[in-house]
Amino acid sequence: MTLAWLKIMAVVGQPTWEVVTVADRASASLESRWYVAVAYMIVALVAVAAMVVALGMGLIYGERKIAAHFQCRMGPMRVGYHGILQSVADTIKLLLKEDIVPARADRVLHLLAPFLTLVVTILILGVIPYSPLMQLADVSIGVLYLTALSGLSVLGLLLGGWSSNNKWSLLGGMRAAAQVISYEITATLALLVVTMFSGTLTLSGIVQSQAQGWWVWRAHGVGVLSMALFIVAATAEINRTPFDIPEGESELTGGFHTEYSGLRFAFFFLAEFINMFVVSAITVTLFLGGWMPFRIGDWESFNNLMGLIPPSLWFFGKSAVMVFVMMWFRWTFPRMRVDQLMRLEWKILLPLGFCNLVVAAVVILSKWYFFPV
Amino acid sequence: MSVTVRTLDELLTPPTAADSPLSTQEYFVNMGPQHPIAHGSLRIILLLDGETIRKVIPVPGYVHRGIEKMCEHMSYRKIITLTDRMDYLSALMNNWAVARTVEKAAGIETNSRIETIRTLMAELQRIQSHALWWGVLGMDLGAFTAFLYSFRDREIIGEIFEETIGARLTMNYIQPGGLMFDILPDFAQKVKKLLAYMRPMINEYDTLLSGNAILQERLRNVGILPAKDAVALGCTGPVVRASGVPYDLRKVEPYGVYDKAEFDVVVGTKGDCWDRYYVRMEEMRQSIRIIEQLIDNIPEGQYMVTKYNARLKLPKGRFYGQLETARGVLGVFIYSDGNGDTPYRMHFRSPNFNNLWAVTQIAPGWRIADYIAIQSSLDLVIPDIDR
Amino acid sequence: MDTEALEKLVMGLEAQCRKREQADRAAVDVPVSALEPLMRKLRNEDPLSFDLLLDHTAIDHIHEGLFEMVYLLYSTRHGHHLMVTCEIPRMDSIAPTLSDLWPIAHWQEREVFDLFGIGYDGHPDLRRLFLEDGWKGYPLRKGYTDPDMLEPA
């Protein structure tokens, strides 16, 4: 039975994929049928909105269940079968809450801060290659675009902390700013390694360059170190434990988002979870092959079997694993103190990142490979 | 002699420019009675310069119930019910402190069955209290899971208490003259099962938190309290033992049947948060050791040597008895005027009240995040501060 | 050191020191003027070295018109206890502070001030502890009335 199946697989062959993004389709029909282009753009917007909502609710439910099972308890069980509708109930609750702006707070900034945070997240969602046919726009400066936007995300935190007219929020905002700005450097250095190996900045190009194997092992140890650096730096970028000192619940009751309630708190909250997905997606795209299936050298039948699983499932599966790892970190580790966090970045991760980059450059230029690059 | 009385508002006037080289401005921050770290309703005002603490001003009193005033109108048996509510995590030990003092003053001699059961209950409660402290420390420092794990294990001890005593928190069990109820026949077997479960669990606690690099960095060399300062600041219990002073009432002035059990007094070296943390972890293991030695040989006898309804009249005089609770030395001072069965004046030397003052001397110079670690490692229970 | 030897040694330190009867341990009584010098000697001199001020409280003897202040001392080096009492008049009750001898006295004296109204001369920060700053009256005094909170006995 298995032998017959393997023979069929050998005949079917490996799929090849051509990448077509929604932006490509829109621009292709722009001159001739402009209304189709507009339709594509509307589809893109709706898709992103739906994705934000679906991902948000799904991830929040997942976090609560995963946290619960780590803690020997059940998590939400009452609302719907095993609590599936809990996120829906929470969303409705947040939407119906009173919107409170503290007295003597800076109203404009206070209203603006959560939007900034969420908008940055959504902008990144638009460029990630989910599958060969599901990518909204393939920006030619892909990786640069990602690092630029993560630099923008600090604004929302800072504004939220400053505008709340609350000393605790201010402390949280300041810590967040220092933390995010510092860890961007390490994250960028880690991303640069993959950019050098794959020779292109575009995200779909990077995914396609992993057709022979994922960068995490093809990049000879430099890749593993880069991935480790990126995961640490990215966890710090999105303010998750062990780096959640800006919203350190035990000290600051909520840090920069203490004074937010209702819909705008929902935005901060949602932004945190979608950020987690975005960071996982970037890790997957750059280090774990994106939508590329798992291939082993020339073992055709295995590769064909792996190729049968649709690429979007590969992508979301890998992202789910990375998201799970981040949640695992949160429910296991204590929190680092802010100066220990800064020391980690500036004295340990940054030198390591630079050395990593130099070694990667040496490996590429001197063609010192074990696997084909 | 004259006296100037001040008010809190005077202390909270904002200071002018600080004398740090960066010329920043100091500011007051309120870790108010409602705060995730407060462990109860304790208000702490911090004078901060950036993130560094310059001054700590505790403002207790949010849980002040006037227990000492109430005691002047209640008979000694009824006072036991009030003691549960002071340091509720060492309720049985609080009961025992009052019971012991009253028995010594009134000249009541208990038998060895009573003393053995009291010792066993106290040690079980010590494990329970330290387990909760461990979970709360983990939660305060960000490792939320620790809290759930320790509560799961506390439940098992709580079930044993519930079967024997009838209550999980407010025990009212150890009375002057004996115990409220006798233990059930399967008490020893249940306790042995608990010990077999708990011993590897403490090792699991070590694996989860103690070995974690982040936790060690947060606790090592933070909030150092030297031995001389610790004693001068009136600290007792694990706090003073972590600073290097081997003052454990169970060894120094043995009561119950502690002199029959072999155990070590856990003493730290440096007096930093890590020492305070590890002293309590080891104390859990020592408590298991004590229980193991006593559980198989509970002597026969009565569980109450006086009649429950008999009036306890103390002679006129000043009496003081103390006990080592999970947090320190609980002292009970009774001044009895010889008439009636209520004390004329009853005062509780509460360990948490005295340990709280230490935080005002340790914390200045450290950061807010260190303050959390320091206060957690002191293991304060607020109702005991306010009484 | 046993009770009697301890009491003799302590009473030898200060002329006005007498034995306090009706106590379950070594106990001495001093007038308020000799309190501070005696405490200083008790802390510093060697066969005594009382380094731990376990507790400080007060008793309101309303019928005799005095407050009796009680200090419970312990020596971690030698392991002996001592109770020192001092009587001060109920009206204008002022006592010297011991907060420079034992830092914990700062905190304990604030509690006694809050609940009894005994003032401490030289105390660095004499404020109410449990009650609000503007509270009138001292609850642990025997004659304390509070029509809202206390039922008549």
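The values are calculated or read from the model by the stated rules, or taken from the named source; none is laboratory data. Remember, it's a predicted structure, so these values are computed and weren't measured experimentally. In this analysis, Cβ positions are derived from the backbone assuming ideal geometry, glycine residues included, and neighbour counts consider all displayed protein chains.
Does region C:19-33 hold any residues that are within 14 Å of chain B (Cβ to nearest Cβ) and under 20 Å from C:Gln108 (Cβ atoms), and which are they?
Of everything in region C:19-33, those that are within 14 Å of chain B (Cβ to nearest Cβ) and under 20 Å from C:Gln108 (Cβ atoms) turn out to be C:Arg20, C:Ala23, C:Arg25, C:Ala27, C:Val28, C:Asp29, C:Val32.
Just checking, does region B:232-240 include any residue being surrounded by fewer than 17 Cβ atoms within 10 Å (Cβ to Cβ) and either of a type in the set (Val, Ile, Thr) or over 27 Å from C:Gln108 (Cα atoms) (or both)? If you could, list the steps in order and put the result at the bottom.
Going through region B:232-240, the residues surrounded by fewer than 17 Cβ atoms within 10 Å (Cβ to Cβ) turn out to be none.
The answer is no, given that none of the residues of region B:232-240 is surrounded by fewer than 17 Cβ atoms within 10 Å (Cβ to Cβ) and either of a type in the set (Val, Ile, Thr) or over 27 Å from C:Gln108 (Cα atoms) (or both).
Within region B:356-365, how many residues are within 14 Å of chain A (Cβ to nearest Cβ) and either charged (D, E, K, R) or closer than 18 Å to B:His35 by Cβ (or both)?
Let us first name the residues in region B:356-365 that are within 14 Å of chain A (Cβ to nearest Cβ), namely B:363, B:365.
Add one more test, that the residue is either charged (D, E, K, R) or closer than 18 Å to B:His35 by Cβ (or both), and what stays is B:363.
Adding up the residues that qualify gives 1.
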The one condition in (1) closer than 22 Å to B:Lys251 by Cα; (2) without any contact (Cβ under 8 Å) to a residue 40 or more places away in the chain that C:His81 fails to fulfil:
(2)
Restricted to region A:209-226, and to residues that are within 16 Å of A:Trp368 (Cα to Cα) and not in a helix (DSSP H, G or I), which residue is modelled with the lowest pLDDT?
A:His220
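Among the residues of region A:329-339, is any of a type in the set (Val, Ile, Thr), modelled with pLDDT under 90 and exposed (fewer than 15 other Cβ atoms within 10 Å of the Cβ)?
Pass one, region A:329-339, residues of a type in the set (Val, Ile, Thr): A:332, A:338.
Next, only the ones that are modelled with pLDDT under 90 stay: A:332, A:338.
Pick out the ones that are also exposed (fewer than 15 other Cβ atoms within 10 Å of the Cβ) and you get none.
Checking region A:329-339: not a single residue is of a type in the set (Val, Ile, Thr), modelled with pLDDT under 90 and exposed (fewer than 15 other Cβ atoms within 10 Å of the Cβ).
Looking only at strands (runs of 3 or more DSSP E) that lie completely in region C:75-153, which have at least 1 residues being surrounded by 18 or more Cβ atoms within 10 Å (Cβ to Cβ) and more than 10 Å from chain B (Cβ to nearest Cβ)?
Values: elements: C:81-89, C:94-96, C:119-121.
Ranges flagged: C:81-89.
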For residues that are at the interface with another protein chain (Cβ under 9 Å from one of its Cβ atoms) and in contact with a Cys (Cβ under 8 Å, 6 or more places away or on another chain), tally how many sit in region B:305-355.
1
Do you know which residues across region B:202-224 are closer than 27 Å to B:Ile288 by Cβ, surrounded by 17 or more Cβ atoms within 10 Å (Cβ to Cβ) and in contact with a Ser or Thr (Cβ under 9 Å, 6 or more places away or on another chain)?
B:Tyr205, B:Leu208, B:Asn212, B:Leu219
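For a quick check of your reading: which helices (runs of 4 or more DSSP H) sit entirely within region B:151-242 and have at least 1 residues that are within 11 Å of another protein chain (Cβ to nearest Cβ) and of a type in the set (A, V, I, L, M, F, W, C)? Write out each step before concluding.
Working: elements: B:187-205, B:213-219, B:227-232, B:238-242.
Helices (runs of 4 or more DSSP H) meeting the threshold: B:213-219, B:227-232, B:238-242.
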Cβ pairs under 7 Å, 6+ apart, first in region C:57-78 and on the phi > 0 side of the Ramachandran plot, second assigned to a strand (DSSP E or B):
C:Gly65/C:Pro89
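How about region C:65-74: which of its residues are out of contact with any Ser or Thr (no Cβ under 7 Å at 6 or more places or on another chain) and crowded, with 20+ Cβ neighbours inside 10 Å? I'd like the intermediate steps shown before the answer.
Going through region C:65-74, the residues out of contact with any Ser or Thr (no Cβ under 7 Å at 6 or more places or on another chain) turn out to be C:65-66, C:71-74.
C:Tyr71, C:Leu72, C:Leu73, C:Tyr74, listed by residue number.
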For A:Leu85, state whether it is under 19 Å from A:Tyr130 (Cβ atoms) and of a type outside the set (Val, Ile, Thr).
no
Filter region C:31-57 down to the residues that are under 10 Å from C:Glu14 (Cβ atoms) and not in a helix (DSSP H, G or I) and list them by number.
C:Pro31
For region B:318-375, name all the residues that are assigned to a loop (DSSP other than H, G, I, E, B) and among the polar types (S, T, N, Q).
B:Thr325, B:Asn339, B:Thr342, B:Ser350
Among the residues of region A:138-148, which ones are aliphatic (A, V, I, L, M) and crowded, with 17+ Cβ neighbours inside 10 Å?
A:Val139, A:Val143, A:Leu146
Condition first: farther than 17 Å from B:Ser287 by Cα and either in contact (Cβ under 8 Å) with a residue 60 or more places away in the chain or in a helix (DSSP H, G or I) (or both). Now tell me which residues in region B:243-257 satisfy that.
B:Glu253
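Filter region B:106-148 for residues that are over 25 Å from B:Gly237 (Cα atoms) and in contact with an Asp or Glu (Cβ under 9 Å, 6 or more places away or on another chain); which is farthest from the other protein chains (Cβ to nearest Cβ)? Talk me through it step by step, then tell me what you get.
We begin by selecting, within region B:106-148, every residue over 25 Å from B:Gly237 (Cα atoms); these are B:106-113, B:142-145, B:148.
Still in the list and also in contact with an Asp or Glu (Cβ under 9 Å, 6 or more places away or on another chain): B:109-110, B:113, B:142, B:144.
On the way: B:Glu109: 16, B:Thr110: 18, B:Arg113: 26, B:Gly142: 3, B:Phe144: 6 Å.
The qualifying residue farthest from the other protein chains (Cβ to nearest Cβ) is B:Arg113.
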A:Thr241 fails exactly one of the following numbered conditions: (1) within 15 Å of the chain's Cα centre (by Cα); (2) surrounded by 23 or more Cβ atoms within 10 Å (Cβ to Cβ); (3) over 30 Å from A:Leu308 (Cα atoms); (4) among the β-branched types (Val, Ile, Thr). What is the number of that condition?
(1)
Mind checking whether some residue in region C:42-58 is within 14 Å of chain B (Cβ to nearest Cβ) and more than 26 Å from B:Ala358 (Cβ to Cβ)?
no
Residue satisfying condition, being in contact (Cβ under 8 Å) with a residue 12 or more places away in the chain and in contact with a Phe, Trp or Tyr (Cβ under 6 Å, 6 or more places away or on another chain), within set B:Ala105, B:Ala131
B:Ala105
Kindly check whether there is at least one residue in region B:171-184 that is among the aromatic types (Phe, Trp, Tyr) and under 21 Å from B:Arg276 (Cα atoms).
no
Of the residues B:Glu262, B:Glu283, B:Glu300, which is within 19 Å of the chain's Cα centre (by Cα) and charged (D, E, K, R)?
B:Glu283
What are the pairs, 6+ residues apart or on separate chains, where a residue within region A:159-175 that is charged (D, E, K, R) has its Cβ under 7 Å from a residue that is modelled with pLDDT of 80 or more and surrounded by fewer than 24 Cβ atoms within 10 Å (Cβ to Cβ)?
A:Lys167/B:Tyr27; A:Lys167/B:Val29; A:Arg175/A:Val338
